[in-house]
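The values are calculated or read from the model by the stated rules, or taken from the named source; none is laboratory data. Computed from a predicted structure; not experimentally measured. Note: ideal-geometry Cβ built from the backbone for every residue, glycine included; neighbour counts use all protein chains shown.
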Amino acid sequence: MPSSQKTAHLSLNSWSGADKPKMDDFNADNLKLDAAFHQLTPVCGSYVGDGKITRAVDLGFRPKICLVYTDFVPLLRMNPTLYTEVQIGFAILSEAGCSMGASLTDTGISVRSGAGEYDYEAFFLNSSGQTYYYIAFR
């Protein structure tokens, strides 16, 4: 028999002394826990930049939050010839908002490379031949 009380968030059984738990009750709770933990599993991967202005990265789902970065390159750097230009090679994307040069899509993320909206910014999230890494959460 299922418990007379349930937990607040996952509705797991919370037995009292009078309850008589059965294996089906435990199995049902295990399935709920498995599904909840699966939602927390990050999806990690990479893509190699193709140099195009915009690029879609298909994750198969719309992430709740995603980080994009590359190794051996600073997150921000000044263009050595145009000291007024900030080059951005890192992005944080979430449902609450995204770094400039990146956005969420229904099936993943979209990143940009090239000049930004303002004269002093440039995005480097799809530079040709550069490997980028992402960590996305469902």
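Okay, here's what the table says:
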read-out	value
Matching residues, region 30-56, being more than 11 Å from Tyr133 (Cα to Cα) and of a type in the set (Val, Ile, Thr)	Thr41, Ile53, Thr54
Leu31 being in contact with a helix residue (DSSP H, G or I) (Cβ under 7 Å, 6 or more places away or on another chain) and either part of a loop (DSSP other than H, G, I, E, B) or exposed (fewer than 11 other Cβ atoms within 10 Å of the Cβ) (or both)	no
Odd one out for Asp119 among (1) in a strand (DSSP E or B); (2) modelled with pLDDT under 80; (3) not small (Gly, Ala, Ser)	(1)
Hits in region 1-10 (condition: within 21 Å of Ala35 (Cα to Cα), loosely packed, with under 13 Cβ neighbours inside 10 Å and of a type in the set (Gly, Ala, Ser))	Ala8
Test: Val57 is surrounded by fewer than 17 Cβ atoms within 10 Å (Cβ to Cβ), modelled with pLDDT of 90 or more and among the β-branched types (Val, Ile, Thr)	no
Filter result (β-branched (Val, Ile, Thr) and modelled with pLDDT under 90) within region 22-52	Thr41
Scope region 38-61; condition closer than 20 Å to Arg138 by Cα and either in a helix (DSSP H, G or I) or charged (D, E, K, R) (or both); matching residues	His38, Gln39, Leu40, Asp58
Leading residue by the ranking (modelled with the lowest pLDDT) among those in region 78-102 that are over 20 Å from Val48 (Cβ atoms) and assigned to a strand (DSSP E or B)	Val86
